[in-house]
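Reviewing the structure listed below.
The values are calculated or read from the model by the stated rules, or taken from the named source; none is laboratory data. Everything numeric in this text was worked out from a predicted model, so none of it was measured. Glycine also receives a Cβ, built like all others from the backbone with ideal geometry; neighbour counts cover every protein chain displayed.
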Ligand SMILES: [Mg+2]
């Protein structure tokens with residue numbers, strides 16, 4: 001941990017899905033664009049700022065949006081395209097710090113505390129990021145800069161669209177004080193109503209309310225947490241994607257492995273374990289990371305980003321194997337690992353489900369792999385991970401990592 005105040009950035013692409021549609025189709029620029037489910041029960045995923053002027057909002061039923069904005073251009077979502085652009089934008093963020101915590105395809109926290117010496121203060125870095133995202137991806141991103149996550153996120157919201165709001169050092173509590181208390185994390189409608197009874201309308205009011213009254217209304221621990229937030233105390237750290245959210249398998253070998261063929265066999269088995277674990281928890285990720293530790297303990301990692309989130313053994317293996325070409329496979333290796341991260345955003349997954357009626361059926365080879373994977377899963381459940389051997393392994397010396 002760096003001592004002293006942190007510098008945290010919150011970055012949120014403006015009207016992301018709708019902006020991408022306007023980026024790709026110039027005739028849509030300046031027009032109300034609404035991305036949403038085409039079915040009768042569909043909801044709005046994103047509305048351009050032109051559409052918002054008519055009162056159209058995310059999560060509103062598409063039918064209602066049509067009434068509010070009959071002249072709107074209604075489009076089905078293209079998540080593959082949004083994911084690809086999102087990866088490019090997050091790649092720009094990672095030039096400034098490895099501490100990037102994605103919240104969704106269009107939103108992330110960055111801890112740039114350690115980057116200040118090289119890149120200037122939070123405002124300078126945010127300005128550079130906004131410029132780079134605009135120049136390289138054609139998109140507007142709003143930024144908030146603060147010492148803590150909560151204030152950075154609220155700052156972004158206040159500056160939208162295309163904003164940059166900085167909360168001065170030491171100024172978090174003063175920045176929060178005039179805002180409605182519902183802005184705090186952990187204050188839903190029920191808590192808000194309870195607070196209103198105490199005469200608490202703003203975050204500043206909350207900070208001034210006696211502990212005993214708050215504790216009586218909300219319970220001691222909730223009260224303590226909210227008061228700390230109201231005073232600007234938010235110790236939560238920016239947790240980079242990989243550490244927080246990856247599913248992996250790795251193995252330290254009994255004897256060091258040397259040569260591509262031996263390493264590929266290890267990766268194949270590890271990719272299978274990762275796939276099973278992902279499917280067991282219903283996750284699919286865009287980023288496949290290969291980890292290789294040499295006999296002298298030098299560690300290298302190589303990663304690749306797939307256009308489509310995957311939980312498929314074969315796709316994970318192929319991605320890891322491709323990364324093997326980028327490391328020295330002739331040195332003795334004591335450990336390899338494969339992991340998948342960059343999980344499809346929850347909203348994205350939910351929306352995909354909603355729109356499933358409109359989506360084309362998956363190609364037959366995908367169906368085939370799905371049923372193969374389901375069968376392997378059942379085997380692994382019954383006999384344990386080590387019992388499952390892919391056909392690809394059956395014709396070699398059978399060294400499995402189970
Ligand atoms: Mg956004």
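Of the residues 217, 271, 266, 230, the single one that is closer than 30 Å to residue 307 by Cα and in contact with a helix residue (DSSP H, G or I) (Cβ under 6 Å, 6 or more places away or on another chain) is 271. The range 1-104 holds strands (runs of 3 or more DSSP E) entirely within its bounds, and those carrying 1 or more residues that are in contact with a helix residue (DSSP H, G or I) (Cβ under 7 Å, 6 or more places away or on another chain), within 15 Å of the ligand (Cβ to nearest atom) and modelled with pLDDT under 90 map to 44-47, 100-104. Within the range 28-51, residues that are in the same structural domain as residue 66 (by TED's automatic domain parsing) and more than 10 Å from residue 18 (Cβ to Cβ) sit with their Cβ atoms under 6 Å from residues that are in a loop (DSSP other than H, G, I, E, B) and within 14 Å of the ligand (Cβ to nearest atom), at 6+ positions apart or across chains, in these pairs: 43/59. Number of residues in the range 184-240 that are surrounded by 15 or more Cβ atoms within 10 Å (Cβ to Cβ), under 29 Å from the mean Cα position of the chain (by Cα) and assigned to a helix (DSSP H, G or I): the value is 9. For the residues 171, 186, the requirement of being at pLDDT below 95 and either over 22 Å from residue 20 (Cβ atoms) or more than 16 Å from the ligand (Cβ to nearest atom) (or both) singles out 186. Each residue in the range 105-130 was checked for being within 16 Å of the ligand (Cβ to nearest atom) and in a helix (DSSP H, G or I), and 3 pass.
Between 136, 147, the distinction of being over 26 Å from residue 83 (Cα atoms) and more than 16 Å from the ligand (Cβ to nearest atom) belongs to 147 only. Of all residues in the range 297-323, those satisfying the criterion of being touching a residue at least 24 places away in the same chain (Cβ under 8 Å), over 26 Å from residue 105 (Cβ atoms) and surrounded by fewer than 17 Cβ atoms within 10 Å (Cβ to Cβ) are 297, 300. Just to be sure before I move on: is residue 283 in a helix (DSSP H, G or I) and under 30 Å from residue 149 (Cβ atoms) in the structure I sent? Against the criterion (in a helix (DSSP H, G or I) and under 30 Å from residue 149 (Cβ atoms)), residue 283 does not qualify.
Condition check: in the same structural domain as residue 161 (by TED's automatic domain parsing) and within 18 Å of the chain's Cα centre (by Cα). Does residue 124 satisfy that? For residue 124, the condition - in the same structural domain as residue 161 (by TED's automatic domain parsing) and within 18 Å of the chain's Cα centre (by Cα) - is not met. Which number in (1) surrounded by 15 or more Cβ atoms within 10 Å (Cβ to Cβ); (2) assigned by TED's automatic domain parsing to the domain that holds residue 102; (3) in contact (Cβ under 8 Å) with a residue 24 or more places away in the chain marks the one condition that residue 181 misses? Evaluating residue 181 over (1) surrounded by 15 or more Cβ atoms within 10 Å (Cβ to Cβ); (2) assigned by TED's automatic domain parsing to the domain that holds residue 102; (3) in contact (Cβ under 8 Å) with a residue 24 or more places away in the chain leaves (2) as the failure.
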